[in-house]
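The values are calculated or read from the model by the stated rules, or taken from the named source; none is laboratory data. The structure presented is a predicted model; accordingly, all values stated were derived computationally and were not measured. Note: ideal-geometry Cβ built from the backbone for every residue, glycine included; neighbour counts use all protein chains shown. Note: accessible area is taken over every heavy atom of the protein model, side chains too, but ligands, DNA and RNA are not part of it. Shrake-Rupley method; radii C 1.70, N 1.55, O 1.52, S 1.80 Å.
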Amino acid sequence: MNVTSRIRLALIPTTLGALVLSGCGSQISTTSAADAESSGTSCVDTSGDSVKVGFLNSLSGTMAISESTVFDSLTLAAEEINDAGGVLGKTIDIVSEDGASEPTVFAERAGKLIQQDCVAAVFGGWTSSSRKAMLPVFESSDSLLFYPVQYEGLESSENIFYTGATTNQQIVPALDYLVEQGTKSIFLVGSDYVFPRTANQVIKAYAEAHGIEVMGEEYTPLGSTEFSTIVNKVRDSGADAVFNTLNGDSNVAFFRQYKSVGLSADTMPVVSVSIAEEEVPGIGVDNIEGQLTAWDYYQTLDNDENAAFVAAFKERFGEDRVTSDPMEAAYTSVHLWRAMVEKADSFEVADIQEAAGGVTFDAPEGTVTVNGENNHITKTPRIGRINADGLIDVVWEAPEAVEPDPFLETYDWASELGQ
C-alpha cells in the first residue's frame, strides 16, 4: 500500500459579499443555512449570546467502545468553559452527531454540522479513515476540525488541528523503547485500514534502519473477532515483541485469544498504540496485565492539572469512570480552540488560523503548544504498562515535550515515506 502523500491544499476563497467583519457580538455570516449549503459559504452566527460547536463521534458501531468516552470529555471541556464565562463571552451550544463507525457517515454528518447546523468548529473523529473522509468536507467549506487521536502522520491540512500524537510523538518513541529493551524482531498486527497500514510502513522503514527483523504482518477488518489463525502465526514466529495497531473492539478478541495460546507479556510483550484505560475492562485485566502501551497521557500522571481533570471527570460522569489519552487530547482541543478564538478576538476561520501558532494550554498531559506551521501540537511521549487495577503506569517518558514532525523530516531513514 502506498504511504499517504503530503497534503498541502490551499484554502477555498470565501464568497464576496456574504460575510461581514467578525468580532465579539458580531455575526460572521448573514447567509442562511440553506443558502450556505448550496454556495459553500459560512452560516455561522455569533450575533447572539451563544455559539454552536459540533461534536462528531461514533456513538454506535465497532468504535463506540472508544469514541463515546471522547464525547464525554468534550462535553466536560465545554461545560468548564461555559462556567468560566464562555468564549468571547458567548456560551457554547453543543450539536452532537453520531459517526456510527463509518467514514462515509462521518463525512455526511460533518457536512450537516457545517452547512445546516452552522457550527463554528467541529471536534471529533477517531479512525484515520474517518478523518480522511472528512478532510475534503472541511477544506471545501473552509471550516475547522479538531482531531483528537494519535495517527500515522504524513498529513497536514490548514483546516484540521491535530491534538493527538503524530508519528514522532508515539510510534517512533515506542520503537526506540523496544530497541532499548533489546528487541531484535517484531510481528505486526493491525486493523485493515489507513492508520495501521501506513503506520506499519513507517515501522518497517525504522526496522530496516535499526536492524530489527519483521517476522510477520497481518491485518483484519475493523470489528473482527476471530484471531485464532493470527495469534498462532504470532506464537510460531518467535518474535521478541508484537506491535499492535488494532482498533476498537477487535482488541478484546485479540488479547483473549492471545492468552489462550499461551502468550503473555512475559513470553512475548505487545506494544499497543490504540488501547487506553477505557478499553482495558472490556478486554479483561487478566488478559492484558503487564502489556505495554504508547501514549502521551495516562490517568496516573502526577500533576495538578491532571488531578483536577480526573476529579472533574469522575464527579461529572461517575467515580468508576477512567480517563485516557484520546479523551484528554479531545478535552485539550476544546480549550485550545477557546484560546485561539480569544487570541484572535474572532470566530473567523482565517483569523483563528493566523492566531493559532504559539497558543498554549496547561493540559493534564503537560503544557502543550500549537505549531503554526503544521497545526499539530507539542506532546510528551510516554510508554506505559497495564497494571492489575486496569490503569497504566509510566515506565518511560521523554525528558521534555517533543515538537511535531508529521512528515518525519528529521529522520534520514524516513526520507522515502512521503513520496
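Scanning the range 392-401 for residues that are open to solvent by 40 Å² or more (accessible area, probe 1.4 Å), out of contact with any Gly (no Cβ under 7 Å at 6 or more places or on another chain) and touching a residue at least 12 places away in the same chain (Cβ under 8 Å) gives W396, E397, E400. Summed over the range 317-326, residues that are among the hydrophobic types (A, V, I, L, M, F, W, C) and not in a helix (DSSP H, G or I) total 1. Tallying residues that are under 27 Å from the mean Cα position of the chain (by Cα), farther than 25 Å from S130 by Cα and of a type in the set (S, T, Y) within the range 214-262 yields 1. Counting only residues that are farther than 25 Å from S346 by Cβ, of a type in the set (A, V, I, L, M) and open to solvent by 50 Å² or more (accessible area, probe 1.4 Å), the range 75-120 holds 0 of them. In the range 340-354, the count of residues that are under 28 Å from N200 (Cβ atoms), open to solvent by less than 30 Å² (accessible area, probe 1.4 Å) and modelled with pLDDT of 95 or more is zero. When T300, T245, T323 are screened for being closer than 30 Å to A78 by Cβ, modelled with pLDDT of 95 or more, surrounded by 23 or more Cβ atoms within 10 Å (Cβ to Cβ) and of a type in the set (S, T, N, Q), only T323 passes. With the condition kept exactly as written, say whether any residue in the range 269-279 is part of a helix (DSSP H, G or I) and either among the small types (G, A, S) or crowded, with 23+ Cβ neighbours inside 10 Å (or both). No; the residues of the range 269-279 include none that is part of a helix (DSSP H, G or I) and either among the small types (G, A, S) or crowded, with 23+ Cβ neighbours inside 10 Å (or both). F195 fulfils the conditions (1) under 23 Å from L74 (Cβ atoms); (2) not in a helix (DSSP H, G or I) except for a single criterion, (2). Residues that are of a type in the set (S, T, N, Q): which helices (runs of 4 or more DSSP H) entirely in the range 54-141 hold 3 or more of them? Here the list reads 64-83, 128-141.
Which residues, taken from the range 310-320, are open to solvent by 40 Å² or more (accessible area, probe 1.4 Å) and touching a residue at least 12 places away in the same chain (Cβ under 8 Å)? Selection gives R316, F317.
Of the numbered criteria (1) free of Cβ contacts under 8 Å to residues at least 60 places away in the same chain; (2) surrounded by fewer than 23 Cβ atoms within 10 Å (Cβ to Cβ), the one D142 fails is (1).
Looking across the range 195-213, the residues that are open to solvent by less than 30 Å² (accessible area, probe 1.4 Å) and under 24 Å from the mean Cα position of the chain (by Cα) come down to F195, P196, T198, A199, N200, V202, I203, A205, Y206.
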